[in-house]
1. Scan the stretch A:116-123 and give yes if some residue there is modelled with pLDDT of 80 or more and open to solvent by 20 Å² or more (accessible area, probe 1.4 Å), otherwise no.
2. Kindly establish whether A:GLY185 is more than 23 Å from the chain's Cα centre (by Cα), modelled with pLDDT under 85 and surrounded by fewer than 22 Cβ atoms within 10 Å (Cβ to Cβ).
3. Confirm whether A:PHE280 is touching a residue at least 60 places away in the same chain (Cβ under 8 Å) and aromatic (Phe, Trp, Tyr).
4. Among the helices (runs of 4 or more DSSP H) contained in the stretch A:23-106, which hold 1 or more residues that are crowded, with 24+ Cβ neighbours inside 10 Å, within 18 Å of the chain's Cα centre (by Cα) and among the charged types (D, E, K, R)?
5. Working carefully through the options A:ALA256, A:ALA300, A:ALA292, find the one that is within 21 Å of B:PRO89 (Cβ to Cβ) and among the small types (Gly, Ala, Ser).
6. When the stretch B:50-73 is examined, which residues are found to be charged (D, E, K, R) and either within 10 Å of B:THR8 (Cβ to Cβ) or open to solvent by less than 50 Å² (accessible area, probe 1.4 Å) (or both)?
7. Would you check which residues across the stretch A:271-284 are open to solvent by 10 Å² or more (accessible area, probe 1.4 Å) and of a type outside the set (A, V, I, L, M, F, W, C) and list them?
8. Only one residue in B:LYS186, B:LYS177, B:LYS207, B:LYS147 is in a helix (DSSP H, G or I), basic (Lys, Arg) and in contact with a Ser or Thr (Cβ under 6 Å, 6 or more places away or on another chain). Which one?
Amino acid sequence: MLSRKTNTRYTVLFAAGGALLIMTFILSVMLGSVEISAAEIYGCFFTPDNVRSAHYSIIMDIRLPRTLAAIAGGAALAVSGVLLQNFFGNPIVEPYILGISSGSNLFLGIVILGGYTFGMKNISSMGMFIGSFIGAMAVMLAVIFVSQKVRSVTSLLIIGLMIGYVCSAVTSVLTVIADKERIMGFARTTMGSFAGFTWEQLKILCPVTAAFLAAAFLMSKDLNSMLLGEKYAQSMGVSVRAFRFCIVVVSSVLTAVVTAFAGAVSFIGLAVPHIVRIIFRTSDHRIVIPAAIIFGAVMAGLCDMGARLIMPPTELPLGAMTTIIGAPTAVYLLVSKNGER
Amino acid sequence: MEEAVIKTTHLNVGYNKKTVISDIDLNALKGEVVCLLGPNGAGKSTILKTLSGLLAPLSGTAELDGEGINGIDKKSLSRRLSLVLTDGPVPAMTTVFDLVSMGRAPYTNFMGQLSDNDRRIIDAALAETGISGLRDRYVSELSDGEKQKAMIARAIVQEPEVIILDEPTGHLDIGYKVEVIRLLQKLSAEKQMTCILSLHDIDLALKGCKTIMLVNDGKISGMGAPEEIIKSGTFTELYHIKGGRYSELMGSVEIKAPLANDAFVAAGNGTGAVIYRSLARNGYGVVTGVVHENDKDHEVAAGVCSEMICEKAFEPISRGSAVKAEELALMQRFVIDSGFPVGGINAENIGLIKNIILKGKRVFSLRPVNESRRFFGELDSRIVHAGTVSELIQKIRSIF
């Protein structure tokens, strides 16, 4: 953007990120309790008849949807983090920390359990997504409301954590009073997991994510103006109220669509935007958003792989993996001057 | 008559229907530098916010080229008016060039792509503000002064008719303060940009801005060229200065000495000023005499001393004044001879000191010993001499 040198750097970094993403994708499908060769993956798409049927179904029914979900989900959470950090003018916020993921999860629980109570056998993926979205929006609006009363970064964090705790508490109460067997899948998602993703769910996750990631990217120019705060943004021609509403909707959708099917995944939204700003050495959203998409996908993909592969056959909670990477980032941000406004 | 760029009529500003300042009538001409002065919380920022369209007027009108500022759509307003505010987040990982280029947002395409022309304008603004060398530095690494210049450069590239600056010299050292004001003067003179700003530096405002607007107690208490509206006492009143006095003539503030009958300083020709201040700092009460009204000491003493006996400009000290001064001096614990030059009209002060010595008061002196002997003869032996003001204070300390 600036000079040829910077331009070259961006190109190199994007190329490296892309390569990393492809590698993550392939490895994520290959590795697991059953080893699968790259040739077999290739085979699945082009010569399905030559692939052993057991392997074919592992790839097509389990690993591929899971990998795609991790990649799309990571991208969505990372960009949601970018948007929220912009909105609050604060590098330490993200969907999980602000309790948005937890709120989303709670409403998802209400929808699922409520659905069973009213005799529905299955809740459609769309229904789950909508429940999740309502929860995300509700918490987001609550946090925004409170954040107008308290301006300090620390208070905002504490309030987010509290809202998160409350939502988690209510969710756990729901889990206890509900029929155990039916909510197995749901209980697990409170820690976040991309396991058991179905193609039906992907049919919602992928298009929604793609559309809203594109929307986020198209908001880059105004996001850049917002870097200096609302007043400056307005003086540079941004209709601040309308634009803030857009940020809320887009970031809530991106959080909700992941939470609906994978539960509350922590810290990706915090760590990735920050890492991206540091390695790309810019806050320009035209660079940060695409980079967050790529690196968010890579990070979620790697964490998901780690969860599966570190202690097989036990599957570690995804939240544990992302927290190990994300929490130190959060602490670093709080301790370094960047955390303060 | 020149057309006003920013014009307000019976403008009332405030928040949530609560009026902060009422009845503002401002006519800011093309290229004029208008400065708002007033105490903290007087409402300077509220006025600036209203003029920049961030706040709607409560009543009355605020117009930019005859159009209500609040009614102009944000996009086109951003090409005509830009802002420099006191605070705001410092974006991480943003270079000075990136920061300044943000100001081109009103002109760039949907994705904010910079054209060659945009780049030229940005580079010109960097050069104009003297920060071309900082082009690729991160904003977070800049000093306050450098950052402020970058923010001004950002405002310049918006190519506005009007720049509104809220305390642009806050946190800056005196060097940067002067630089910022010079920069605004240049923008006004060369680019015909109208600058409306608030300052806390009275001195800078009076010397650097064509028009001053005094904001206090919910109204505009004065507006015009500094020489028209500023009188002796204006600022002591405007800022409600207690325990001190602002000297409009000297452009400086003096802090009142404690109220105590400690020192009488016989002074003149500016020899008293440092002594008054030093005594006051060290906790002594100070009075002075006989000082001429046109003396530099008079201006300082008016701020520091609790009492002063003075004489009309260029008149010899009258008998009456001398007697009053002697009475005043005798009420104090000690007397200081500042070493003032002695001439026709103030010779009476030497006589005054002599009388005081004879009445048994302790006299300290900064006058060179041989000169002192010449004036006081025998009596000089009863005077405590000091070579410097700090030595003087030390000697006073050891006795009083």
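The values are calculated or read from the model by the stated rules, or taken from the named source; none is laboratory data. Everything numeric in this text was worked out from a predicted model, so none of it was measured. For neighbour counting, all protein chains shown are included, and Cβ atoms are generated from backbone atoms with ideal geometry for every residue, glycine included. The area values use the complete protein model at the heavy-atom level, side chains included, leaving out ligands, DNA and RNA. Shrake-Rupley method; radii C 1.70, N 1.55, O 1.52, S 1.80 Å.
1. If we filter the stretch A:116-123 for residues that are modelled with pLDDT of 80 or more, which is where we start, we get none.
Looking for residues that are modelled with pLDDT of 80 or more and open to solvent by 20 Å² or more (accessible area, probe 1.4 Å), one finds none in the stretch A:116-123, hence no.
2. On the way: more than 23 Å from the chain's Cα centre (by Cα): no; modelled with pLDDT under 85: yes; surrounded by fewer than 22 Cβ atoms within 10 Å (Cβ to Cβ): yes.
For A:GLY185, the condition - more than 23 Å from the chain's Cα centre (by Cα), modelled with pLDDT under 85 and surrounded by fewer than 22 Cβ atoms within 10 Å (Cβ to Cβ) - is not met.
3. Working: touching a residue at least 60 places away in the same chain (Cβ under 8 Å): yes; aromatic (Phe, Trp, Tyr): yes.
Here the answer is yes, as A:PHE280 does meet what is asked.
4. Numbers: elements: A:38-46, A:53-57, A:64-88.
Once the helices (runs of 4 or more DSSP H) in the stretch A:23-106 are filtered for at least 1 residues that are crowded, with 24+ Cβ neighbours inside 10 Å, within 18 Å of the chain's Cα centre (by Cα) and among the charged types (D, E, K, R), what remains is A:64-88.
5. Values: A:ALA256 fails: within 21 Å of B:PRO89 (Cβ to Cβ); A:ALA300 fails: within 21 Å of B:PRO89 (Cβ to Cβ).
None of the other options fit; the residue is A:ALA292.
6. Start the filter on the stretch B:50-73 by keeping residues that are charged (D, E, K, R), which leaves B:63, B:65, B:67, B:73.
Correct list: B:GLU63 only.
7. Taking the stretch A:271-284 first, the residues open to solvent by 10 Å² or more (accessible area, probe 1.4 Å) are A:274-275, A:277-279, A:281, A:284.
Passing the criteria: A:HIS274, A:ARG277, A:ARG281, A:ASP284.
8. Numbers: B:LYS186 fails: in contact with a Ser or Thr (Cβ under 6 Å, 6 or more places away or on another chain); B:LYS207 fails: in contact with a Ser or Thr (Cβ under 6 Å, 6 or more places away or on another chain); B:LYS147 fails: in contact with a Ser or Thr (Cβ under 6 Å, 6 or more places away or on another chain).
Among B:LYS186, B:LYS177, B:LYS207, B:LYS147, only B:LYS177 is in a helix (DSSP H, G or I), basic (Lys, Arg) and in contact with a Ser or Thr (Cβ under 6 Å, 6 or more places away or on another chain).
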